[in-house]
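The values are calculated or read from the model by the stated rules, or taken from the named source; none is laboratory data. Quick caveat: nothing in here was measured; it's all calculated off a predicted structure. Methodologically, a virtual Cβ is constructed for each residue, glycine included, from the backbone with ideal geometry; neighbour enumeration extends over all protein chains shown. These accessible areas exclude ligands, DNA and RNA; they are computed on the full protein's heavy atoms, side chains included. Shrake-Rupley method; radii C 1.70, N 1.55, O 1.52, S 1.80 Å.
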Amino acid sequence: MGATHSRKTTLPAVVAFAVAAAALGAGPAAARDEPPAVGGGSGIVIDQRATCTLTTVGHDAAGRLVGRTAGHCGEPGAAVSAEADPAQGVIGRFVRTNHALDYAVIAFDPDRISPVNRVGTLSIADIGAPAQFPNVVCKKGRTTGNTCGVTWGDLAGPEVGAGFRPI
């Protein structure tokens, strides 16, 4: 009998707590009021179909809020949403894709995201000079995890990173 009595008093207490939390705006509905935190390492959804990892977010030479990802992730015009908060809808669009060097640029709506330089344990404070052979470079991908390998040098040239400033 003690167990039955305990369940009867616990269920109304749980329901009362849930109703109170909803009335106070706690929970997922309240989180949607704030733009999602987006930065290097964030998962992004392209055209509501494919998922990729955002390499970094920052400002280009013209001061626009942009991000970088792999070139195989999308084509110019493709819609981008935050994997962590798809209810926010479209937060940006692909504006440039280079398949030969496998990079893409996304223009973000500054009112739709909260750009950050730290996602989980990954922090991006600066962009340095391109790695040269035989340096080892590492990356963190939402699908591939942490991987490292030898770089073969700067194949892109200085124009790829010109004027980009990370958040």
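Express the accessible area of segment 47-145 per residue in Å², computed with a 1.4 Å probe while the remaining protein chains stay in the model. Let's see the in-between values first.
Values: 5640 Å² over 99 residues.
That works out to 57 Å² for each residue.
The mean sequence separation of alpha-carbon pairs under 8 Å and at least six residues apart, normalised by the residue count of segment 35-167, gives a relative contact order of 27 percent. Other residues lying with their Cβ under 14 Å from the Cβ of Ile167 contribute a combined charge of +2, Lys and Arg counting +1, Asp and Glu -1. Judged by the mean number of other Cβ atoms found within 10 Å, the most tightly packed of the peptides 82-90, 106-114 leads the ranking 106-114, 82-90.
Computed with a 1.4 Å probe on the full set of protein chains, the accessible area for Asp47 sits at about 60 Å².
Please give me, ordered by residue number, the trypsin sites (Lys or Arg not before Pro) of segment 48-82 that lie in loop per DSSP and have at most 14 other Cβ atoms within 10 Å.
Those satisfying the criteria are Arg49, Arg64.
Count charges around Thr121 for me, please; just the other residues with Cβ under 14 Å from its Cβ, Lys/Arg as +1, Asp/Glu as -1. Once all neighbours under 14 Å are counted, the net charge is +4. Each residue of segment 113-128 was assigned a 3J(HN,Hα) from its phi angle through the Karplus expression (A = 6.51, B = -1.76, C = 1.60, θ = phi - 60°), giving 9, 10, x, 9, 9, 9, 10, x, 9, 9, 10, 10, 9, 6, 10, x Hz with x at Gly and Pro.
Sorted by accessible area with a 1.4 angstrom probe, largest first, how do Ile167, Ile44, Ile124 fall?
Numbers: Ile167 55, Ile44 0, Ile124 35 Å².
The residues order as Ile167, Ile124, Ile44, largest area first.
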